[in-house]
Amino acid sequence: MHILSYTHNELKDLFEKNGLKRYRALQVLDWIYNKKVFDYSLMTNISKEDIELLKTSFSLELPQIEKKLVSADGTVKYLFRYSDNATVESVLMDYDYGTSICVSSQSGCKMGCVFCASSEVPFSRNLLGYEITAQILKAGLDSNKTISRAVVMGIGEPFDNYDNLVNFLNVINMKEGFNMGGRRITVSTCGIVPKIYEFADLCLQVNLSVSLHEVTDEKRSAIMPINKKYDIASLIKACEYYFEKTNRRVSFEYALIPNQNDSFDHARRLSSLLKNVMCYVNVIPVNPIDNMKTHQNSKNLSGFCAILKENGIPVTIRRELGRDIEAACGQLRRQHDI
């Protein structure tokens, strides 16, 4: 059993079943999450007998840093390797409001979105909940920074790994650990509609980010195969349900791809599509990746956003961080595997 898989209450029950006092759970969590100690032998308020029990029953293994790149703007990209050689990426970013981390939920991705570098990374396996949590702990340990926000937007589709995603969210939300409130956590999906409904019913207050990127089913299906199964209309309906259940606006991600989805007509059609949805649009200057065959940002960026605003759609432009180290999802892993 990996100790990062459990909340405080779950751990108390497991400790009792394994011959440990229930109060030990809080002590161990304090060492891990507050004191950043990952060796039971160094936990000085725990008896030698209990340390041996912990070593026998509860793993504390963290992934290894296979490679680390640091951007001129301070963004740090990690390539982590787990004990079975599966690799994932995480990106650490500093903002005015604190340090945020983008974590991966799978090693590789099955979704095949053509604008995403992860689409070129072969799917290996799902990450277990503790393996997602471990990315935050390892990055915090290496950087000596307090990570206050998490975005599940790295390699993989989180809702394709739903149970492990929920386990991860419950663990990082617990007050005895990171105590990361739902409003400081964002989960990104390409649009697995049934899981959006299921996730909404949990009422976790987590921010939901949906990759949209097109305004018609024909064009969206061409760049995002998931749309062939769950079309735009069903996706919008699910997002409306998410707002009804959580009172949290959905963020629609829209990567502005030159000469493909960045015309002013696209902006007007996007405005019409979202006019009755409690949401905002996060416009993304597309990152240069080989399979998009484009290395330039759209010249229509400001005009595109202006049209959305004129039509009452709240819009933000994603701040570009780590571009000099190719911090887009999958790029470091792909280069390393090659």
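Using a 10 angstrom cutoff on alpha carbons, build the Gaussian network for the chain and name the most mobile of Tyr82, Tyr33, Tyr23.
Sorting by GNM fluctuation, first place goes to Tyr23.
Taking +1 at the Cβ of each Lys and Arg and -1 at the Cβ of each Asp and Glu, which of Ala117, Ile313, Ala72 sits farthest along the dipole of the chain towards its positive end, judged by Cα position relative to the Cα centre?
Looking along the dipole axis, the top candidate is Ile313.
Which is farthest toward the positive dipole end of the range 213-294 among Ser221, Leu256, Cys279, measuring Cα position about the Cα centre, with Cβ charges +1 (Lys, Arg) and -1 (Asp, Glu)?
Comparing the listed Cα positions along the dipole, Cys279 ranks first.
List Cys190, Cys113, Cys203 from most exposed to least, where exposure is judged by having the fewest other Cβ atoms within 10 Å.
Neighbour counts put them in this order, fewest first: Cys203, Cys113, Cys190.
Dipole of the range 3-57, Cα-centred, from +1 at each Lys and Arg C-beta and -1 at each Asp and Glu C-beta, to the nearest 20 debye?
Charge dipole, the range 3-57, about its Cα centre: 100 debye, nearest 20.
Given points 7 Å out from each Cα along the Cα-Cβ axis, report the Tyr280 to Leu42 separation in nanometres with one decimal.
The two pseudo-label positions are separated by 4.0 nm.
Nearest 20 debye, what's the magnitude of the dipole of the range 64-332 about its Cα centre given +1 on Lys and Arg Cβ and -1 on Asp and Glu Cβ?
In total the dipole reaches around 360 debye.
Arranged by the count of other C-beta atoms within 10 angstrom, fewest first, what order do Arg220, Arg269, Arg183 take?
In order of increasing Cβ crowding within 10 Å: Arg183, Arg269, Arg220.
Report the one residue of Ile46, Tyr95, Leu29 whose Cα lies farthest in the direction of the positive end of the charge dipole of the chain (charges on C-beta: Lys and Arg +1, Asp and Glu -1; origin at the Cα centre).
Checking the options against the dipole of the chain, the answer is Tyr95.
If packing is taken as the average number of other Cβ atoms within 10 Å across a peptide's residues, how do 53-64, 3-14 rank, most packed first?
So the order, starting with the most tightly packed, is 3-14, 53-64.
Apply 1/(1 + (r/R0)^6) to the Cβ-Cβ distance of Lys21 and Arg318, taking R0 = 41 Å, and write down the FRET efficiency to the nearest 0.05.
The calculated FRET efficiency here is 0.30.
Which label belongs to the value computed from this structure, given these candidates for semi-axes √(5λ) of the Cα gyration tensor in Å: (1) 33, 22, 20; (2) 48, 20, 18; (3) 38, 22, 17?
Here semi-axes √(5λ) of the Cα gyration tensor in Å agrees with entry (3).
List, in the order given, every pair from Lys21/Lys55; Lys195/Lys299; Lys228/Lys309 whose Cα-Cα distance in the structure shown is over 25 Å.
With Cα atoms farther than 25 Å apart: Lys195/Lys299; Lys228/Lys309.
Connecting C-alpha atoms closer than 10 Å in a GNM of the chain, tell me which of Ala117, Ala267, Ala233 has the biggest fluctuation.
Ala233
When only C-alpha pairs under 8 Å and at least 6 residues apart count, what is the relative contact order of the range 3-57, in percent?
The value is 27 percent.
Name the shape class, rounded, prolate or oblate, that the alpha-carbon gyration tensor gives for the range 3-57, where a ≥ b ≥ c are the square roots of its eigenvalues, rounded holds for a/c under 1.5, and otherwise prolate holds if a/b is larger than b/c and oblate otherwise.
Cα axes put the range 3-57 in the oblate bin.
I want to verify a result. In a Gaussian network model of the chain, Cα cutoff 10 Å, which of these has the top mean-square fluctuation: Glu131, Glu176, Glu253?
Glu176
No value in this document is a laboratory result; all are computed from the given coordinates. Fair warning: this is a prediction, and the values are worked out from it, not measured in the lab. All Cβ positions, even for glycine, are placed from backbone atoms using ideal geometry, and neighbour counts span all protein chains on display.
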